[in-house]
Amino acid sequence: MREIVFDTETTGFEPGDGHRIVEIGCVELMDHFPTGRTLQFYLNPQRDVPIESQRVHGLSAEFLADKALFAHVVDEFLEFLGDAPLGRPAIPLARAVDTIEIAKRKIPGARYSLDELCKRFSVDLSARSKHGALLDAQLTAEIYLELIGGRQRGLMLAPVEIAAAQAIEVVRAARQRPDRLAPLITAAELELHTAFIAKELGDKTLWNN
């Protein structure tokens, strides 16, 4: 299962007031594990960036002035999302998963900001001095995996050799039986099999054992 966790930074909250996206950050998950593939765009909003928004993400109109317009990167963005290659239909809301809604169901009554959820799940925030779409998408991916129970820290952080050995032990334990199962082969079938091995393979020790 392929999923994309993404976050945006904007000039403000209300599109109806003319606010625009200034950054998009995407993180790819495959079967609830990060693949390492990411996508990030800084975007020219073609308007001023209010000082209140700059305090949040640190992106000024001067910094964004030479960046691409959203119209110039939307095809690459939709391709990364895995949308149809022809046309740009509206992305249906049913495709979206809201981590806040999941958090409300899992931990009712808690605070649901990204910072608060990171603190609750001990997700490292040391690299986050200001909001950034790609960094926030990476943090949101970690929170999402915690909320759905998909992240297994112990297994992921253990050395590969240890994890493999543990997996082998689990398989061995599951296959142990107190008594051997009775053979399903008949005496006549066993005799025919022995004769076939002797004729076709001779005295090769692997088969004789």
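Before moving on, here are some points about what is shown:
- Rounded, prolate or oblate (a/c below 1.5 giving rounded, otherwise prolate when a/b exceeds b/c) for the range 63-135 by Cα gyration tensor: oblate
- Only protein heavy atoms count here; under a 1.4 Å probe, Met30 has an accessible surface of about 80 Å².
- Percentage relative contact order, the range 1-156, counting C-alpha pairs under 8 Å, at least six apart: 27
- Multiplying the residue separation of Arg2 and Arg55 by 0.36 nm and subtracting their alpha-carbon distance yields 15.7 nm.
- Note on Val74 and Asp48: their simple-model spin labels are 2.7 nm apart, each label 7 Å out from Cα toward Cβ.
- Hits among lysines - C-alpha to C-alpha of Lys119 under 19 Å, sequence gap 8 or more where chains match: Lys104, Lys106, Lys130
- Convex hull projection area averaged over all views, the range 2-127, Cα basis, nm²: 9.7
- With all protein chains modelled, accessible area of Thr8 [1.4 Å, Å²]: 50
- Inter-centroid distance (Cα atoms) of the range 88-140 relative to the range 65-79, Å: 24
The values are calculated or read from the model by the stated rules, or taken from the named source; none is laboratory data. The model shown is predicted, which means the values in this text are computed figures rather than measured ones. Note: ideal-geometry Cβ built from the backbone for every residue, glycine included; neighbour counts use all protein chains shown. Note: areas computed on protein heavy atoms with side chains; ligands, DNA, RNA excluded. Shrake-Rupley method; radii C 1.70, N 1.55, O 1.52, S 1.80 Å.
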